[in-house]
1. Can you find, within region B:134-158, the residue that is farthest from the other protein chains (Cβ to nearest Cβ) among those that are open to solvent by 10 Å² or more (accessible area, probe 1.4 Å) and in contact with a Phe, Trp or Tyr (Cβ under 8 Å, 6 or more places away or on another chain)?
2. Just to be sure I understand, how many residues within region B:281-293 are open to solvent by 40 Å² or more (accessible area, probe 1.4 Å) and touching a Ser or Thr at 6+ places or on another chain (Cβ under 8 Å)?
3. Any residue in region A:23-43 that's on the phi > 0 side of the Ramachandran plot: show its pairings with residues that are crowded, with 17+ Cβ neighbours inside 10 Å and among the aliphatic types (A, V, I, L, M) at Cβ separation under 7 Å, as long as the two are six or more apart or on different chains.
4. If B:Leu98 satisfies all but one of (1) in contact with a Lys or Arg (Cβ under 7 Å, 6 or more places away or on another chain); (2) assigned to a helix (DSSP H, G or I); (3) of a type in the set (A, V, I, L, M), what's the number of the condition it fails?
5. So if I check each of B:Arg73, B:Arg45, which one is away from chain A (no Cβ under 12 Å) and either open to solvent by less than 50 Å² (accessible area, probe 1.4 Å) or hydroxyl-bearing (Ser, Thr, Tyr) (or both)?
6. Check region B:257-277 and report whether any residue there is touching a Cys at 6+ places or on another chain (Cβ under 8 Å) and not small (Gly, Ala, Ser).
7. Count, please, the residues in region B:284-324 that happen to be without any contact (Cβ under 8 Å) to a residue 24 or more places away in the chain, of a type in the set (A, V, I, L, M) and more than 11 Å from chain A (Cβ to nearest Cβ).
8. Is there a residue in region B:170-188 that is basic (Lys, Arg), without any contact (Cβ under 8 Å) to a residue 40 or more places away in the chain, more than 11 Å from every other protein chain (Cβ to nearest Cβ) and within 23 Å of B:Gly208 (Cβ to Cβ)?
Amino acid sequence: MSEIKAEWPLYEVFVRGKRGLNHVHVGSLHAADDQMALRHARDVYTRRNEGVSIWVVRSTDITASSPDEKDPMFAPSGDKVYRHPTFYDIPDNVPHM
Amino acid sequence: MTAAPGTTGPDTAALEEQFAATVARKDRIEPRDWMPEAYRKTVVRQVAQHAHSEIIGMQPEGNWIGRAPSLRRKAILLAKVQDEAGHGLYLYSATETLGVSRRELTEMLIAGKQKYSSIFNYPALSYADVGTIGWLVDGAAICNQVPLCRTSYGPYGRAMIRICKEESFHQRQGFELLMTMMRGTDEQRAMVQESVDRFWWPALMMFGPPDDDSPNTEQSMAWGIKTHTNDELRQKFVDMSVPQAEALGVTFPDPDLEWNEERGHYDFGQPDWEEFWAVVKGNGPCNAQRLAHRTKAWDDGAWVREAATAFAEKTVKSQNGGDR
């Protein structure tokens, strides 16, 4: 079996499904460089008009929160129920609220 | 982004509890979650096997692209085989989230250390087989895959959702191809029946061995990786396929195939499980040919991978104002 020097880097792919929507993560692929990553993303993830715009970014350039942290990163929002509209009692006879 | 390594230590019990609770809620496990090593291994094994099946699965049909009977059929077959490559890539991508690289996976396939579906070790002998593969083989695959959209490992489930959307085209183009042949000459109708006769039993084998001979099923179901047993899915496939065969005007080569009013299902015979295990162990009609072809493609592509890497390095250097 022939050896290759190194595997092409991994890219994460984000596709905007149509105008007005956010780019959404759809998967990953390997490519030698950014331009090839875009072309491969088109061929792998938009064969049926699934997108109007593609972002690719090297997986190693993504910083992610860890779901395993003992003190969860999302705890600060857990006890702030007053940030939600349902926290406030408004009489039923008040319209449009 | 790779999975956090499985840790052992005083906190392992708490982590195991958290994992079990997530699975019990039918919530998804995501790549960076802690997971038992055995769960990780099982998902890697199953998803890699599935990815390899898509990639090897391009061969029986790819063989017919150059001999398609019309431009229409050729365009359809090209699109289908390209989809199989795409499905393989979605699944390799899911496997990689568990810390196994694409190259490792390809090398394990070539070395025979990981399996692919035994169905692809049967040859496609006539153009009718292109239709039968779409109808029965992709039909069986859909039966297997639809429940996997809700599998407990997030990236696998998401890959399956994309794949299932596209598989529907595969099955329908196959059925339409066979319908067209059935409207043709006696010879063409005979070709369809002969093809169905060859593929029926191998298609039933695609669901894996009977439940009492499937050692991994129980644990996989407890972990939410699988949601139905092999026999349940096989029954579902038979029930679906019989009316389709009637609509097409073909029969299945099973004398025991009969509607059972009491069960509300079709009774059917068992495939030759000895043949199944022989094919799994590498003694099917095309095992050697499939792996040799994949190895050749991998070796022949080596210079392309190297050249693209060299070009990328050169571009970076020249952008940095380096050696011009």
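The values are calculated or read from the model by the stated rules, or taken from the named source; none is laboratory data. Keep in mind that this is a model prediction, so the values were computed, not measured. Here Cβ is always computed from backbone atoms with ideal geometry, including for glycine, and neighbour counts include all displayed protein chains. Ligands, DNA and RNA are stripped out before the accessible areas are found, and what is left, the full protein with its side chains, is counted by its heavy atoms. Shrake-Rupley method; radii C 1.70, N 1.55, O 1.52, S 1.80 Å.
1. B:Asn144
2. 0
3. Once the first residue is on the phi > 0 side of the Ramachandran plot and sits in region A:23-43, its partners that are crowded, with 17+ Cβ neighbours inside 10 Å and among the aliphatic types (A, V, I, L, M) give A:Gly27/A:Val13.
4. Here B:Leu98 meets the rest and fails (2).
5. Just a single option satisfies the conditions, and that option is B:Arg73.
6. No, the conditions are met nowhere in region B:257-277.
7. Residues meeting the conditions: 3.
8. Within region B:170-188, not a single residue is basic (Lys, Arg), without any contact (Cβ under 8 Å) to a residue 40 or more places away in the chain, more than 11 Å from every other protein chain (Cβ to nearest Cβ) and within 23 Å of B:Gly208 (Cβ to Cβ).
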